[in-house]
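Chemist: Quick one: this structure, given as structure tokens, is what I'll be asking you about.
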Amino acid sequence: MERAKQTSESIELGIVLALAGGFMDAYSYVARDGVFANAQTGNILLTGVHISEGNYALALRFLAPVLCFSLGIMLSDLVHERFSSRIHWRQVTVLVEALILLGVSFVPGDLSILANSLTSLACGMQVESFRKVRGSAFATTMCTGNLRSGTEQLVIWAQTGDRNAIRKTRNYYSIILFFILGGAIGALTTARIGEKALLLTCIPLSLVFTVMIVEEEHTLEAEETAGKER
């Protein structure tokens, strides 16, 4: 059973993951043929538009990331089922995600459909593995749901003065702002160094992985101490 309060559900880790999420979306859009790694609504829409025009090859360019995003969600669930009883399963997810993105950075420009599909696979894993911040549903790879929830909490605060609602509002909008910052950094660095810019996402993901390792060690120490006291 997971603890009620986890570092993996902290606002700090949510912010770091949002930076990575924004970076990935900007990278795929700027460097990989205008496809969104995260925003699957846009990809689905453009798939339909190109099908209506009879341009099936172009439709596939946008459909492939959608399918791989779904595959990433399924892969994350499999990792959860396989590892949750023995180790912090999110560590495995982040490690796999970082390795995927590391590989994508070396995919040549003429294979962007492969690069986008793998990046969306990684995004699907992230969005499924990190779904809460301080007990509230969040997304670190897209902003529509966060915008809706944050605005809803803002209205609740304005009507009732509920401090918990304004705290949630700050959290939601913080995630959105750092997603924007990640997108800006991603666009700037991709414009300068091209496909290899995706290597930079390994920095925030490594930080998340390290923090969760430390959390796991503290958990084991606490369990050992509790066992001795019994």
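Chemist: Looking at L63, is it modelled with pLDDT of 95 or more, hydrophobic (A, V, I, L, M, F, W, C), more than 13 Å from A122 (Cα to Cα) and open to solvent by less than 80 Å² (accessible area, probe 1.4 Å)?
Modeler: Yes; evaluated as a whole, the condition is true for this residue.
Chemist: Take the stretch 135-152 and flag every residue that is assigned to a helix (DSSP H, G or I) and either open to solvent by 30 Å² or more (accessible area, probe 1.4 Å) or touching a strand residue (DSSP E or B) at 6+ places or on another chain (Cβ under 8 Å) (or both). Even if it seems obvious, please write down each step before you answer.
Modeler: Of the residues in the stretch 135-152, the ones assigned to a helix (DSSP H, G or I) are 144-152.
Hits for the stretch 135-152 are T144, G145, L147, R148, S149, T151, E152.
Chemist: Within the stretch 44-134, considering only helices (runs of 4 or more DSSP H) that don't extend past its boundaries, which have at least 3 residues that are within 29 Å of G150 (Cα to Cα), aliphatic (A, V, I, L, M) and in contact with a His (Cβ under 9 Å, 6 or more places away or on another chain)?
Modeler: none
Chemist: So, one more: Going by what's in this entry, would K168 be described as part of a helix (DSSP H, G or I), basic (K, R) and at pLDDT below 90?
Modeler: Spelling it out, it is not the case that K168 is part of a helix (DSSP H, G or I), basic (K, R) and at pLDDT below 90.
Chemist: What residue, among those in the stretch 91-134 that are open to solvent by 50 Å² or more (accessible area, probe 1.4 Å), closer than 21 Å to D77 by Cβ and touching a helix residue (DSSP H, G or I) at 6+ places or on another chain (Cβ under 7 Å), is modelled with the highest pLDDT? I'd like the intermediate steps shown before the answer.
Modeler: Residues of the stretch 91-134 that are open to solvent by 50 Å² or more (accessible area, probe 1.4 Å), as a first pass: 95, 99, 102, 106, 108, 110-111, 113-114, 118, 131-132, 134.
Next, from what is left, pick out any that are closer than 21 Å to D77 by Cβ: 95, 99, 118, 131-132.
Now restrict to residues that are touching a helix residue (DSSP H, G or I) at 6+ places or on another chain (Cβ under 7 Å): 95, 118, 132.
Details: L95: 91, L118: 96, K132: 80.
Looking at residues that are open to solvent by 50 Å² or more (accessible area, probe 1.4 Å), closer than 21 Å to D77 by Cβ and touching a helix residue (DSSP H, G or I) at 6+ places or on another chain (Cβ under 7 Å), I get L118.
Chemist: Go through the residues of the stretch 36-48 one by one and say whether even a single one is modelled with pLDDT under 95, open to solvent by less than 20 Å² (accessible area, probe 1.4 Å) and among the aliphatic types (A, V, I, L, M).
Modeler: Yes.
Chemist: Next up: Please give the number of the condition G34 fails out of (1) free of Cβ contacts under 8 Å to residues at least 24 places away in the same chain; (2) within 28 Å of T189 (Cα to Cα); (3) assigned to a helix (DSSP H, G or I).
Modeler: It is condition (3) that G34 fails.
The values are calculated or read from the model by the stated rules, or taken from the named source; none is laboratory data. Predicted model only: the values in this text are computed from it and were never measured. Note: ideal-geometry Cβ built from the backbone for every residue, glycine included; neighbour counts use all protein chains shown. The protein model used for the area step is the full one, side chains on, heavy atoms only, and it has no ligands, DNA or RNA in it. Shrake-Rupley method; radii C 1.70, N 1.55, O 1.52, S 1.80 Å.
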